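**Q** Have a look at this one before I ask anything.
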Amino acid sequence: MQHLVNCLSTHNTNMGTYVESLSGVEEHVFRSQYSPVPIPDNVTLPEYVLQNAELYGEKVAFVDAVTGKGVSYREVVRDVDRFSKALRSLGLRKGHVVIVVLPNVVEYAIVALGIMAAGGVFSGANPSSHVSEIKKQAESADAKLIVTNSSNYEKVTALFFFICLVFNTHDTMLYLIQS
């Protein structure tokens, strides 16, 4: 475990180590009980996560808990690539923030990885949040785009941001962009 500096106390839990700071600022840090995973500095998170996806091809990468629909590694790679290209074609550039208002669906991971692959900064918002909370998050982050689904579309339309609406058909994700 890394050396802990300025610690008031540490508490071991089944999730790792909980740290309380002496600095006067309340700080809660959970450190895993497992060794850190080394991630190279010269690759993006999507590159790192998907680096061996071709080895798994048609094997299931994600399963939607509600519908039971599975998405293969090949489909994930394809859709991450397509979504990141779509975002770049809309003008998303490195460092631009994208707010994601989606429930726990398989497209969530594809959207998150696609944003990062396009150079954007992913910022998740709880779809149960009040529209004023999402607006505050979007304004504070200087978001350029909101990604959501049809269930949350009405909630975010009043925010006057570019909106990317994610649909899932039988074998592909579709995107509808509204300005």
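**Q** At least 3 residues that are modelled with pLDDT under 75 in each: list the strands (runs of 3 or more DSSP E) lying fully within region 1-82 that qualify. Outline the logic, then answer.
**A** Details: elements: 7-13, 16-21, 28-31, 60-63, 70-72.
Qualifying strands (runs of 3 or more DSSP E): 7-13, 16-21, 28-31.
**Q** Name the single residue, out of those in region 147-171 being part of a loop (DSSP other than H, G, I, E, B), in contact with a strand residue (DSSP E or B) (Cβ under 6 Å, 6 or more places away or on another chain) and modelled with pLDDT of 80 or more, that is surrounded by the fewest Cβ atoms within 10 Å (Cβ to Cβ).
**A** From region 147-171, those part of a loop (DSSP other than H, G, I, E, B) are 149-152, 158-161, 169-171; that's our starting set.
Adding the requirement that they be in contact with a strand residue (DSSP E or B) (Cβ under 6 Å, 6 or more places away or on another chain) leaves 149, 152, 161.
With the extra rule that they be modelled with pLDDT of 80 or more, the set shrinks to 149, 152.
Values: Asn149: 18, Asn152: 22.
Filtering region 147-171 for residues that are part of a loop (DSSP other than H, G, I, E, B), in contact with a strand residue (DSSP E or B) (Cβ under 6 Å, 6 or more places away or on another chain) and modelled with pLDDT of 80 or more, the one surrounded by the fewest Cβ atoms within 10 Å (Cβ to Cβ) comes out as Asn149.
**Q** Would you check which residues across region 94-119 are part of a loop (DSSP other than H, G, I, E, B), under 23 Å from Val60 (Cβ atoms) and not polar (S, T, N, Q) and list them?
**A** Within region 94-119, Leu102, Pro103, Val105 qualify.
**Q** Here's something else I'd like to know. Please pick out the residue among Val80, Val105 that is assigned by TED's automatic domain parsing to the domain that holds Val66 and touching a Gly at 6+ places or on another chain (Cβ under 9 Å). Please lay out each step first, then the result.
**A** Details: Val105 fails: touching a Gly at 6+ places or on another chain (Cβ under 9 Å).
The unique qualifying residue is Val80.
The values are calculated or read from the model by the stated rules, or taken from the named source; none is laboratory data. This structure is a prediction, so every number in the text was calculated from the model and none was measured. Cβ atoms come from the backbone with ideal geometry, glycine included; neighbour counts cover every protein chain shown.
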